[in-house]
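One structure below.
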Amino acid sequence: MRFATVVLGAVLLGLTACGHSRPLPTLPASHGQLSWDMDQYLNPRPYSPPVYLGVLAPRRDTGPSVSVTAEEAPAIFAEATRVLAGKPTEEQVRQAQADLRAACVLADLHQACDFLSEEFEPPVGYSRVVHEFPHEVYREKTLAMVIVGFIVGTNGRPRDIRLVESATDALDQAVLRTVASMRFYPATLAGHPIEGYYTVKRDTVTSEMDLTPEQELAWGIARVKSFPNSIDAWGHLARAMARDRAEAPGYEEALRGLNQLSPEYWWSATELAWLYARAGRHEEAAPLALIGRRRARDNAYALETSALVAFHQGRCQEAIQEQQEAVAKLPAEWPREEQERFQRTLTEYQGQCATGAAPTSPEAPGVEASTGP
């Protein structure tokens, strides 16, 4: 694998793995940046936890795939929860998880989504041996990332360990040895151990490094070119562009790359839907907006996007209801300009729906003028 690095003489700001999210957004900002900030506000967490299971992790579910219709979903949900209430085998737990995911994602059954959210507990590490990076990479201010993917089994041990993004052999081996040493209390679903795919990220970032937006973008591009199947690399690039280059053509490409690798990830689906809807591509936007609506029901920007698509597809009452929800979901301390914009959009929907006028696109959040690839 190629080594995606940037050699710097300056200091880290923003989107790299050791950055810190802002509690409230600074305007002007793109829709993508605002929806990301809202998620950080609603779900405060370290930007880069040492181990995470994520929608940004490649889908490597061990359970069977399931197809579920809206009519079938309640019965499937009932059966899955009945199984989990007893003493299921490991295979039955995996099957129940697959059923619940299908009922949530494919059939939009909120009960299934809530059950997965409330009854799933991620693994907790209790032992590891950290193998440090060589000191020269810090002395030379070389920016590098190593990502290792693996499965935590029901015995709490990692297996199927593999490099997702690599650097030098010394850096790779340090992370691989660290992962191999890790021990966990396994993840559980309704109290039953269940395996899952996880990742560990290590980088060479220090407090003495500060990336300019141009350097941040260059690093994201380098990672994507070197590791085109890394979801984390595409996420890095898409978030960097949402912040600094949302008007550039490459932003849609970055979102598409992220969405193709992780189709259920709400953020890239929502922002692609927003771009498509603004461009009049409503049929393409609709299934993407639905993913955002299902997976981020408390995020006002996901709701706003779903409302925009519904409005342009002639589903007036649905659009009004979803925009009303979006207005209600905005925190009281959210920027006043955004609160007013959301309310103006709701008023426009109500007015145009009442008169039967041809739909026109409401205003979008402002972004600073930008150029880029």
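The values are calculated or read from the model by the stated rules, or taken from the named source; none is laboratory data. The shown structure was predicted, so the numbers you read here are calculated from the model rather than taken from an experiment. Every residue, glycine among them, receives a Cβ derived from its backbone with ideal geometry; neighbour counts consider all protein chains shown. The accessibility values were calculated without ligands, DNA or RNA, using every heavy atom of the protein model including side chains. Shrake-Rupley method; radii C 1.70, N 1.55, O 1.52, S 1.80 Å.
So the values come out like this:
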item	result
Per-region count, the range 215-233, residues at pLDDT 90 or above, open to solvent by 20 Å² or more (accessible area, probe 1.4 Å) and in contact with a strand residue (DSSP E or B) (Cβ under 7 Å, 6 or more places away or on another chain)	2
Conditions (1) surrounded by 15 or more Cβ atoms within 10 Å (Cβ to Cβ); (2) assigned to a loop (DSSP other than H, G, I, E, B): number failed by ALA96	(2)
Residue list for the range 128-149, restricted to those being closer than 11 Å to THR206 by Cβ and free of Cβ contacts under 8 Å to residues at least 60 places away in the same chain	ARG139
Identity of the residue in the range 143-171, closer than 21 Å to GLY235 by Cα and of a type outside the set (A, V, I, L, M), that ends up most open to solvent (accessible area, probe 1.4 Å)	ARG162
Count of residues meeting criterion [part of a helix (DSSP H, G or I) and more than 16 Å from TYR251 (Cα to Cα)] in the range 266-284	4
Subset of the range 99-115 that is open to solvent by 40 Å² or more (accessible area, probe 1.4 Å) and outside any helix (DSSP H, G or I) - its residue that is farthest from GLY196 (Cα to Cα)	ASP108
All positions within the range 234-264 that are among the charged types (D, E, K, R) and either in a helix (DSSP H, G or I) or open to solvent by less than 40 Å² (accessible area, probe 1.4 Å) (or both)	ARG239, ARG243, ASP244, ARG245, GLU252, GLU253, ARG256
Which listed residue is of a type in the set (S, T, N, Q) and within 18 Å of ALA273 (Cβ to Cβ), from GLN343, GLN352, GLN313, GLN339	GLN313
Residue ID - surrounded by the fewest Cβ atoms within 10 Å (Cβ to Cβ), chosen from residues in the range 172-201 that are of a type in the set (Val, Ile, Thr) and part of a strand (DSSP E or B)	THR188
Criterion (within 30 Å of ARG278 (Cβ to Cβ), among the charged types (D, E, K, R), at pLDDT below 50 and part of a loop (DSSP other than H, G, I, E, B)) met by exactly one of ARG59, ARG2	ARG59
Residue among ALA319, ALA326 that is farther than 23 Å from GLN40 by Cβ and open to solvent by less than 20 Å² (accessible area, probe 1.4 Å)	ALA319
Number of the condition not met by ALA78 [criteria: (1) open to solvent by 20 Å² or more (accessible area, probe 1.4 Å); (2) farther than 25 Å from ILE291 by Cα; (3) at pLDDT 85 or above; (4) among the hydrophobic types (A, V, I, L, M, F, W, C)]	(2)
Residue in the range 118-136 that is nearest to the chain's Cα centre (by Cα), counting only those that are part of a strand (DSSP E or B) and not acidic (Asp, Glu)	PHE120
ARG341 charged (D, E, K, R), in contact (Cβ under 8 Å) with a residue 40 or more places away in the chain and open to solvent by less than 70 Å² (accessible area, probe 1.4 Å)	no
Subset of the range 81-119 [in contact (Cβ under 8 Å) with a residue 24 or more places away in the chain and of a type in the set (Gly, Ala, Ser)]	ALA85, ALA96, ALA98, ALA102, ALA103, ALA107, ALA112
Residue in the range 202-214 that is open to solvent by 10 Å² or more (accessible area, probe 1.4 Å) and of a type in the set (Gly, Ala, Ser) present	yes
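Residue-by-condition table, conditions (1) of a type outside the set (Lys, Arg); (2) under 21 Å from the mean Cα position of the chain (by Cα); (3) farther than 20 Å from ALA246 by Cα:
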{"residue": "GLY280", "(1), (2), (3)": "yes, no, no"}
{"residue": "ALA296", "(1), (2), (3)": "yes, yes, yes"}
{"residue": "GLN317", "(1), (2), (3)": "yes, no, yes"}
{"residue": "THR347", "(1), (2), (3)": "yes, no, yes"}
{"residue": "GLY356", "(1), (2), (3)": "yes, no, yes"}
